[in-house]
Amino acid sequence: MRVCIVCEKDVEGKRAVPVKEDRVIRLVRAAKRLVGIAKMNDLYVCEADLPKHSERRKGFEKSMLFASVLAALLLVLVLGMIVLSGNFEVWSLVSAFVIAGFVLVLPLFKYTPAVEATALPPEPPALFQPVNPPPVPPQPLAPSNLRPAGKTARKKRKSR
Ligand SMILES: [Zn+2]
């Protein structure tokens with residue numbers, strides 16, 4: 001079934017944009033298959049939900065960016081502290097990585113997949129719909145094409 005991921009309705013017969021299959025979607029599908037609740041729907045965003053969806057997607061992208069910057073800062077800070085203090089502790093390094101990983105995973109709670117296109121192609125204008133040509137009246141048969149039958153036989157020349 002083709003389903004809109006925003007309103008969770010069937011998009012059959014409606015204009016909709018397909019969702020990009022990314023790592024998160026593949027991961028969720030694999031997990032669902034393992035548990036046995038996979039529905040194998042094709043994911044779409046219907047025309048009506050497109051503005052709402054792209055708004056959400058923008059918010060998600062921003063929080064992903066924020067999280068990765070924060071995680072990187074955390075790691076740099078901890079590494080810098082280790083270098084400055086001069087005594088290396090495995091535990092502080094491990095905890096820094098754990099916290100950075102946690103920060104990176106947090107935005108996934110409002111995960112919003114990308115779509116193939118942010119806008120639907122415009123509908124073809126009705127003005128240029130092909131008009132049926134007027135019916136052509138049947139042409140009378142050209143008389144030149146008609147030849148009386150039986151005249152093609154060659155006349156035998158009588159000798160003597
Ligand atoms: Zn929808």
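We did not get these values from a lab; they are worked out from the coordinates using the rules stated. As the structure is a computational prediction, the values presented were derived from the model and not from experiment. Virtual Cβ from ideal backbone geometry, glycine too; neighbours counted across all protein chains shown.
Taking region 1-30, which residues are among the aliphatic types (A, V, I, L, M) and under 22 Å from residue 57 (Cβ atoms)?
First, the residues of region 1-30 that are among the aliphatic types (A, V, I, L, M): 1, 3, 5-6, 11, 16-17, 19, 24-25, 27-28, 30.
The answer is 3, 5, 6, 11, 16, 17, 19, 24, 25, 27, 28.
For region 60-88, how many residues are farther than 28 Å from residue 114 by Cβ and either surrounded by 11 or more Cβ atoms within 10 Å (Cβ to Cβ) or of a type in the set (S, T, N, Q) (or both)?
Number satisfying all stated conditions: 8.
Given the conditions (1) away from the ligand (no atom under 16 Å from the Cβ); (2) of a type outside the set (S, T, N, Q); (3) surrounded by 11 or more Cβ atoms within 10 Å (Cβ to Cβ), and given that residue 35 satisfies all but one, which numbered condition is not satisfied?
Here residue 35 meets the rest and fails (3).
I need a count of the residues in region 42-53 that are within 13 Å of the ligand (Cβ to nearest atom) and in contact with a strand residue (DSSP E or B) (Cβ under 8 Å, 6 or more places away or on another chain).
Final tally of qualifying residues: 8.
Could you tell me whether region 89-99 includes any residue that is in contact (Cβ under 8 Å) with a residue 24 or more places away in the chain, in a helix (DSSP H, G or I), in contact with a Leu (Cβ under 8 Å, 6 or more places away or on another chain) and more than 15 Å from the ligand (Cβ to nearest atom)?
yes
Output the qualifying pairs, or none if there are none: Cβ atoms under 6 angstrom, residues six or more apart or on different chains, first residue in region 7-21 and on the phi < 0 side of the Ramachandran plot, second residue of a type in the set (A, V, I, L, M) and within 10 Å of the ligand (Cβ to nearest atom).
17/45
Quick check, is residue 16 of a type outside the set (Ser, Thr, Tyr) and away from the ligand (no atom under 16 Å from the Cβ)?
No: the conditions fail for residue 16.
Starting from region 105-117, keep only residues that are over 20 Å from residue 49 (Cα atoms), then list their pairs with residues that are in a helix (DSSP H, G or I) whose Cβ atoms are within a distance under 8 Å, requiring at least 6 positions of separation or different chains.
The qualifying pairs are 106/63; 106/67; 107/60; 107/63; 107/64; 107/66; 107/67; 108/24.
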